[in-house]
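*Asks:* Would you mind keeping the following structure in view while I ask a few things?
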Amino acid sequence: MTIETAEAAAVSLEDVSVSFGSHRVVRDVTLDLARNRVTALVGPSGCGKTTILRAINRLHDDTGGKVTGRVTVGDLDVYGRDTQPELVRSRVGMVFQRPNPFPTMSIFDNVVAGLRLNGVRNKALLHEAAEAALHHAALWDLVKDRLQTPAVRLSGGQQQRLCIARALAIEPEVLLMDEPCSSLDPIATAKIEELITRLSSDVTIGLVTHNMFQATRVSHYTAFFLLGEDRATGELIEYGRTVDLFDTPRDPRTKAYVSGEVG
Amino acid sequence: MSPVATTTGLGTGSPGDGGAGLGEGAARRRELILAQSKRSLGRRHLAGRVAVALCMVAVAISLAPLVALVAYTTSRGVHALSVDFFTKIPTPAGIAGGGISNAIVGSLIIVGLAAVMAVPVGIATALFLLERRGRIAGTIRFTADVLTGVPSIALGIFAYTVLVEPFAHFSAIAGSFALAVLMLPVIIRSSEAAMRNVPRSEWEAGLALGVRRGRVVRSIVLRGALPGLVTGNLLAVARAVGETAPLLFTTGSQLFNLNPAQPTAAVPLTIFSLGTSPFPADQQTAWGAAFVLLVFVLVLSIVARLVAGRLNRQAR
Amino acid sequence: MPDDGARTASTLEEIPPAERTPIAGVKEALQRRWSRPGGRGYAGLRWGGAGLFTAVAVALVVSLLTSSSQAFAHSGLSLLWTGTWDPTHKIYGAETFIVGTLITTAVALVLAVPIGVATAAFLSELAPRWLATPLSVLIDLIAAVPSIVVGLWGLLVLTPAFAHHVEPFLKKIPVLEWFFHGPALGPSMLLAGVVLAVMILPTMVALSRTALAGVALTDREAARALGGTRWQVVRRAVIPGARTGIEGAVTLAMGRALGESIAVAMVIGNAYVIPHSLLAPGATLGSAIINNFGGVTPGLDRSEVIALVVILLALTALVNAGGQLLLRSRAREQVS
């Protein structure tokens, strides 16, 4: 797939395939996430978009998924022989489908959990990072007076923003978001989308979504995935600027899906 | 309205607008955090390896005494085994020979009777919990859970006060009663769990055919839950058969006896009285009895797990 | 049982038409049947079972309280803090036994809790599956070893080993000697605690393993995605997440240690003085009941022993109820 932009890539995937045992879930994906842009990964469920996202921060390492091909984050060869997966993950933040703040931790401890896991003990740095991250996640005014209360007391949408703050606190270059709004109501969803738009000026975002409207609302680029002809392995069908992909899809399958969604 | 029409100019918009800007602080923090992450990674990996090693030591400590115990009991116990051991009754204290036939038969009678008492009541109570929500069911469930932890010696004394004292003599039945009370909560909770695994739709299919509730339960729920019920009840029996404290003041006798209303010997009691005897010959018999008990309990547990394993496979 | 009728009738709409019996008028017949309660026999069975079970539980408490009433009338609550047990002079005190019970249980927990949680963490989080599964099965099986067999092994194998090797060795350790002084006899509070630890370890491991396995995958992935190492994920996300469950496991294991009688009676030495060292022999509530109940005459003496049973029962019921509530609050947390 040709990359139709002159923008610099923060993440590059070249011929990436992921298999679990003998089942190839997704194959031969070549894709760039442009720096400080939102790239949406869309397509029907089961076509490998989440699998591809999780390949970027090596989250398949512990679940038995085998990744082939080449992934780079900045200058870092993610699956390089000497690359430590922990160091990849401290440069790549991730937000999951359902809000998953650590249930036993306070709001503050949740936000700085990433820093602590990365060995940061400096109190001033912890506080500075927590405040900045909560500001970015538009939570600061809401929680600044109750940083020590358990995170699970927050509402679902607030929990998800807390998880975004937690991911941002380690100042990642890349933020991976795996259907971050799938368990939220429309109002909470709108807030997260607003947040994504705002964050995109500072961080590269990979966003998996099944919601085509969401992709058009927040993303600059869109990658469309579909199950290949064997009905078992996902493939990247088309990749381009969101405007182009939705207005003038080149592949008939993209066109069918894009119009079929609402038709 | 198609998404094509709603596509905003976001893709073409300038990337910077609306952003708060992470600014200088962010870049500095990023560098600090990444540096600290790199610097500490070696230490973090080392701490992990030390922790894993300590956990492995813990596994060894967990297993060692129990494995040693089983191995030692086996090595001492097999020497005691002979035809006489299973067919004769004990010799007088300190004298070699004899067997524990009285205790084996007694244990089978006592535990068999206990199961006869506990299993029907336990399954009926489980059905009650299955069909009823609310405070009564909650209280019974909580009582069962707390009763699981009641010291077995308390059950023995309880059986003594209600079944030994009034009749002025020990009996197998009194021991069985104590063991039945011990087994009940285990049976109730495991049976309830097993029957809950039978899908509601199967109940409803039966009811929809016009079958009475009682028969639906018998032919669909109990049958569907059978492997789980067998597992739970076998484990309860396995637990009861090794219990000593509930029998200590309820069954006691060394005679060979088949009448449940009379004093009856039991294997755990034999181990206790012979094991605490100063004579090596008695201790040898105690090891033999312990080995027999151990094998019986382990075989019951393994069978129970195999039945449960079959259940799991069927469910898949 | 009106609710039964209502519930089954409401399922009428859910039956696909193809499965309905295609005979005219059968619908009415079915509804007649559905509206009928489950059958007297079946309802009677359920209520009978639940009733019998409740009756037994009530009878247990009532009979032990009645049988011990004479003792509580004689000694009152001072039974709890009197240190002498002297039936000949009609002095009855449970303090020695209560202290012994608490000390042996504490020794057992100090040994079994860290080892048990670490073992559970290894089996549930760190070990490869081919190793974890057989080891877990082995520990589960070993949990079935009857306490009398553990007691026999403690009496005939551990007692001489402790007298000749373990206890003399412990006495030489600088700081710990404060706990371990006096003659090394073998039967002791320490040995009783060790035997109890062996007995509660499988419980600790099994329940902790369940608690650890119950921590959501998303919590683990969150920690992993933030750059945590494998152990950090376990230490910072999994173990804290399982905390309530582990506390429940500790409480239930503690209940078992408090209530164990036969194995303790075989190794504790049965001395009726408050021990000043872990190497000293002592007695627990359970061992005192076993050693006294057989020989006493009906009347006050027996009532006093049954009072010990009531104290033990109250102690374990308290601890177990606490443990159950902890395990339940964890179950609720996971639902919400």
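The values are calculated or read from the model by the stated rules, or taken from the named source; none is laboratory data. Remember, predicted model here, so these are calculated numbers, not experimental data. When we count neighbours, we look across all protein chains shown, and the Cβ atoms used for this are built from the backbone with ideal geometry, even at glycine. Surface areas here come from the heavy atoms of the whole protein model, side chains and all, with no ligands, DNA or RNA. Shrake-Rupley method; radii C 1.70, N 1.55, O 1.52, S 1.80 Å.
*Asks:* Could you report the buried accessible area between B and A, both sides summed, computed with a 1.4 Å probe and given in Å² to the nearest 100? Don't skip to the answer; put the middle values down first.
*Replies:* Values: alone 18860 and 12400 Å², together 28040 Å².
Separately minus together, B and A give about 3200 Å² buried.
*Asks:* Can you tell me the orientation of helix B:23-80 relative to chain B, as the angle in degrees between its alpha-carbon axis and the longest Cα principal axis, to the nearest 10?
*Replies:* Result, in degrees: 10.
*Asks:* Here's something else I'd like to know. Report the Cα centroid-to-centroid distance between the range A:60-106 and the range A:229-256 in angstrom, as an integer.
*Replies:* What the calculation gives is 27 Å, centre to centre.
*Asks:* Within the range A:62-101, list the trypsin sites (Lys or Arg not before Pro) lying in a DSSP loop whose Cβ has at most 10 other Cβ atoms in a 10 Å radius.
*Replies:* Taking the range A:62-101 and a limit of 10 other Cβ atoms within 10 Å, the loop trypsin sites (Lys or Arg not before Pro) found are A:R81.
*Asks:* How far is it, in nm, from the label point at B:R49 to the one at B:L306 when both lie 7 Å from their Cα along the line to the Cβ?
*Replies:* Using points 7 Å along Cα→Cβ, the separation is 4.4 nm.
*Asks:* Mind listing the long-range amide H neighbours of A:M94? Cut-off is under 5 Å, sequence gap 5 or more, other chains count too, H placed in the peptide plane at 1.01 Å from N.
*Replies:* A:L176
*Asks:* Right, something else. Quantify how strongly other chains surround peptide B:123-132 by giving the mean number of their Cβ atoms within 10 Å of each of its Cβ atoms. Don't skip to the end; give the middle numbers.
*Replies:* Working: counts 3, 11, 10, 4, 7, 9, 3, 1, 8, 6.
That average works out to 6.
*Asks:* Just to confirm the filter: which GluC sites (Glu not before Pro) across the range A:205-263 are DSSP coil and have at most 13 other Cβ within 10 angstrom of their Cβ? Walk me through the numbers on the way to the answer.
*Replies:* On the way: sites: A:E229, A:E235, A:E238, A:E261; in loops: A:E229, A:E261.
Those that pass, being in a loop and sparsely packed, are A:E229.
*Asks:* Is the range C:41-177 rounded, prolate or oblate when judged by the Cα gyration tensor, a ≥ b ≥ c being the square roots of its eigenvalues, rounded requiring a/c under 1.5 and prolate requiring a/b larger than b/c? Before the final figure, lay out each step's value.
*Replies:* Working: a/c = 2.61, a/b = 1.13, b/c = 2.31.
Cα axes put the range C:41-177 in the oblate bin.
*Asks:* With N denoting the number of residues in chain A, provide Rg(C-alpha) divided by 2.2 N^0.38 Å, to two decimal places.
*Replies:* Working: Rg = 18.2 Å, N = 263, 2.2 N^0.38 = 18.3 Å.
Working it through for chain A, the quotient is 1.00.
*Asks:* Accessible area of the range B:98-315 with a 1.4 Å probe: how many percent of it is carbon plus sulfur?
*Replies:* Numbers: 5370 of 8050 Å².
Its accessible area is 67 percent carbon and sulfur atoms.
*Asks:* Tell me the net charge near C:L79. Cut-off is 11 Å between Cβ atoms, C:L79 excluded, with +1 for each Lys or Arg and -1 for each Asp or Glu. Kindly include the intermediate steps, with their values, before the conclusion.
*Replies:* Numbers: positive: none; negative: C:E95, C:E304.
Taking every Cβ under 11 Å from that of C:L79, the sum is -2.
*Asks:* Hey, can you find the accessible area per residue of the range C:125-245 for me, probe 1.4 Å, expressed in square angstrom?
*Replies:* With the other protein chains kept in place, the range C:125-245 gives 39 Å² per residue.
*Asks:* Tell me, how many Å apart are the Cα centres for the range C:43-86 and for the range C:102-117?
*Replies:* Using only Cα atoms to place each centre, the spacing works out to 29 Å.
*Asks:* Over chain B, average the accessible area per residue using a 1.4 Å probe and give it in Å², no decimals.
*Replies:* On the way: 13700 Å² over 316 residues.
I get 43 Å² per residue for chain B.
*Asks:* Now a separate question. Tell me the carbon and sulfur percent of the accessible area for the range A:1-104, rounded to whole percent, probe radius 1.4 Å. Show your work: numbers first, answer last.
*Replies:* On the way: 1810 of 4190 Å².
The computed percentage sits at 43.
*Asks:* Mind checking Rg over Rh on the range C:77-335, alpha carbons, Kirkwood formula for Rh? Could you put the intermediate results ahead of the total?
*Replies:* Values: Rg = 20.7 Å, Rh = 19.9 Å.
In the range C:77-335, Rg relative to Rh is 1.04.
*Asks:* Right, something else. Classify chain B from the C-alpha gyration tensor, please: rounded if a/c falls under 1.5, else prolate or oblate depending on whether a/b exceeds b/c. Walk me through the intermediate numbers first.
*Replies:* Working: a/c = 3.15, a/b = 1.68, b/c = 1.87.
Oblate is the answer for chain B, as a/c is 1.5 or above yet b/c matches or exceeds a/b.
*Asks:* Mind checking the angle between helix B:172-196 and chain B's longest principal axis? C-alpha axes, 0 to 90 degrees, to the nearest 10.
*Replies:* Taking Cα atoms only, the helix is inclined about 20 degrees.
*Asks:* Ranked highest first by the average count of other Cβ atoms within 10 Å around their residues, in what order do A:17-23, A:43-49 fall? The partial results should precede the final answer.
*Replies:* Numbers: A:17-23: 13.9, A:43-49: 19.9.
Listed from highest to lowest mean packing, they are A:43-49, A:17-23.
*Asks:* In degrees from 0 to 90, rounded to the nearest 10, what is the angle of the helix B:226-241 Cα long axis to the longest principal axis of chain B?
*Replies:* Approximately 50 degrees, to the nearest 10.
*Asks:* In chain C, what percent of the accessible surface is made up of carbon and sulfur (1.4 Å probe, ligands and nucleic acids excluded)?
*Replies:* 68 percent
*Asks:* Rank B:A114, B:A205, B:A51 by mean-square fluctuation in a GNM of chain B with C-alpha springs under 10 angstrom and give only the top-ranked residue.
*Replies:* Among B:A114, B:A205, B:A51, the largest GNM mean-square fluctuation belongs to B:A51.
*Asks:* Right, here's the next one. Give me a single rounded figure for C:60-71: the average over its residues of other chain Cβ atoms within 10 Å of their Cβ.
*Replies:* Values: counts 10, 2, 3, 7, 4, 0, 1, 6, 2, 0, 0, 0.
The shielding value for this peptide is 3.
*Asks:* With a 10 Å radius around each residue's Cβ, average the other Cβ atoms per peptide and rank B:233-242, C:263-272, highest first. Walk me through the intermediate numbers first.
*Replies:* Details: B:233-242: 23.4, C:263-272: 25.3.
Going from most to least packed, we get C:263-272, B:233-242.
*Asks:* In addition: Please label the shape of the protein assembly as shown as rounded, prolate or oblate, based on the square roots a ≥ b ≥ c of the eigenvalues of the alpha-carbon gyration tensor (a/c under 1.5 means rounded; beyond that, a/b larger than b/c means prolate, else oblate).
*Replies:* On the way: a/c = 2.47, a/b = 1.71, b/c = 1.45.
It is prolate, given that a/c is not under 1.5 and a/b is the larger ratio.
*Asks:* Restricting attention to the range B:113-161, which trypsin sites (Lys or Arg not before Pro) occupy a DSSP loop and are surrounded by at most 15 other Cβ atoms within 10 Å? Don't skip to the answer; put the middle values down first.
*Replies:* On the way: sites: B:R132, B:R133, B:R135, B:R141; in loops: B:R132, B:R133.
The qualifying sites are B:R133.
*Asks:* Using the Cα centre of chain B as origin and beta-carbon charges of +1 (Lys, Arg) and -1 (Asp, Glu), tell me which of B:A64, B:G224, B:V292 is placed farthest towards the positive end of the dipole.
*Replies:* B:G224
*Asks:* So for the protein assembly as shown, taking the charge dipole from beta-carbon charges (+1 Lys/Arg, -1 Asp/Glu), which of C:A271, B:I271, C:A283 sits furthest toward the positive end?
*Replies:* Highest projection toward the positive end goes to B:I271.
*Asks:* Would you be so kind as to list the residues of the range C:121-154 that have their accessible area lowered by at least 40 Å² in the full protein complex compared with their chain by itself (1.4 Å probe)?
*Replies:* C:F122, C:L141, C:I142, C:A144, C:V145, C:P146, C:I148, C:V149, C:L152, C:W153
*Asks:* Report the equivalent ellipsoid semi-axes for the range A:100-171 in whole Å, largest first, defined as the square roots of five times the eigenvalues of the gyration tensor built from alpha carbon atoms.
*Replies:* Each semi-axis is √(5λ); the values are 17, 12, 11 Å.
*Asks:* Run the helix sum for chain C: -39,500 (n - 2.57) per DSSP H stretch of 4+ residues, divided by residue count, reported at 222 nm to the nearest 500 deg cm²/dmol.
*Replies:* On the way: 13 runs with 210 residues, N = 336.
Mean residue ellipticity, 222 nm, calculated: -21000 deg cm²/dmol.
*Asks:* Peptide B:202-215: average number of partner chain Cβ atoms within 10 Å per residue?
*Replies:* Working: counts 0, 3, 7, 3, 0, 11, 11, 6, 8, 1, 8, 12, 10, 4.
For peptide B:202-215, the averaged partner shielding equals 6.
*Asks:* Applying a 10 Å radius around every beta-carbon, put A:252-260, C:240-248, B:80-88 in order of their mean neighbour count, most first. Don't skip to the answer; put the middle values down first.
*Replies:* On the way: A:252-260: 15.9, C:240-248: 22.3, B:80-88: 14.1.
Packing order, densest peptide first, comes out as C:240-248, A:252-260, B:80-88.
*Asks:* Where in chain C are the DSSP H helices whose C-alpha atoms run 18 Å or more along the long axis and whose mean Kyte hydropathy is at least 0.0? Mind showing how you got there, number by number?
*Replies:* Values: long enough: C:40-75 (50 Å, 0.80); C:95-121 (38 Å, 1.86); C:129-142 (19 Å, 1.30); C:189-213 (34 Å, 2.00); C:243-259 (24 Å, 0.48); C:300-335 (51 Å, 0.86).
Flagged H segments are C:40-75, C:95-121, C:129-142, C:189-213, C:243-259, C:300-335.
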